[in-house]
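Chemist: Got a structure for you, questions after.
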Amino acid sequence: ALGDDRQSDDALAVAAWRRERRRATSVTADLVEKLSLAAAEGFAAWRKAKEQNDFSLFCPHLDHMFALKREEARQLGFDENPYDALLD
């Protein structure tokens with residue numbers, strides 16, 4: 001038991017661990033792979049867009065990442081307030 005002090009270092013560490021565990025076990029491996037690939041491709045596109053001063057090169061990657069993040073929020077159980085998944 002962590003006692004009554006819900007703000008103790010131990011209590012906060014356990015809460016963080018539980019949140020991370022829930023995130024790790026709620027999202028499908030397929031989505032994790034898609035997010036990782038989209039992040040890598042998006043970063044490369046961002047560098048090219050910045051170099052060429054042309055945001056339109058990056059925009060489709062950003063749209064794709066938003067779609068994947070909305071799916072991640074759904075899988076985490078944030079259907080009504082998907083923004084809360086990003087804050088979490």
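Chemist: I want to confirm something. Restricting to segment 68-81 and keeping residues that are modelled with pLDDT under 85 and surrounded by fewer than 16 Cβ atoms within 10 Å (Cβ to Cβ), which single residue is farthest from residue 36 (Cα to Cα)?
Modeler: The residue in question is 80.
Chemist: Is it the case that residue 1 is out of contact with any Asp or Glu (no Cβ under 7 Å at 6 or more places or on another chain), modelled with pLDDT under 95, part of a helix (DSSP H, G or I) and not polar (S, T, N, Q)?
Modeler: Working: out of contact with any Asp or Glu (no Cβ under 7 Å at 6 or more places or on another chain): yes; modelled with pLDDT under 95: yes; part of a helix (DSSP H, G or I): no; not polar (S, T, N, Q): yes.
Taking the combined requirement at face value, the residue does not satisfy it.
Chemist: Of everything in segment 11-60, what is within 26 Å of residue 77 (Cα to Cα), touching a Leu at 6+ places or on another chain (Cβ under 9 Å) and open to solvent by 60 Å² or more (accessible area, probe 1.4 Å)? Give them in sequence order.
Modeler: 22, 34
Chemist: Still on this model: Go through the residues of segment 69-87 one by one and say whether even a single one is of a type outside the set (Ser, Thr, Tyr) and touching a residue at least 60 places away in the same chain (Cβ under 8 Å). Lay out the reasoning, then the answer.
Modeler: Here is the first cut: in segment 69-87, the residues of a type outside the set (Ser, Thr, Tyr) are 69-82, 84-87.
Remaining after also requiring touching a residue at least 60 places away in the same chain (Cβ under 8 Å): none.
No.
The values are calculated or read from the model by the stated rules, or taken from the named source; none is laboratory data. Computed from a predicted structure; not experimentally measured. Please note: Cβ atoms are built from the backbone with ideal geometry, for glycine as well, and neighbour counts cover all protein chains shown. Side chains included, ligands, DNA and RNA excluded: accessible areas come from the protein's heavy atoms. Shrake-Rupley method; radii C 1.70, N 1.55, O 1.52, S 1.80 Å.
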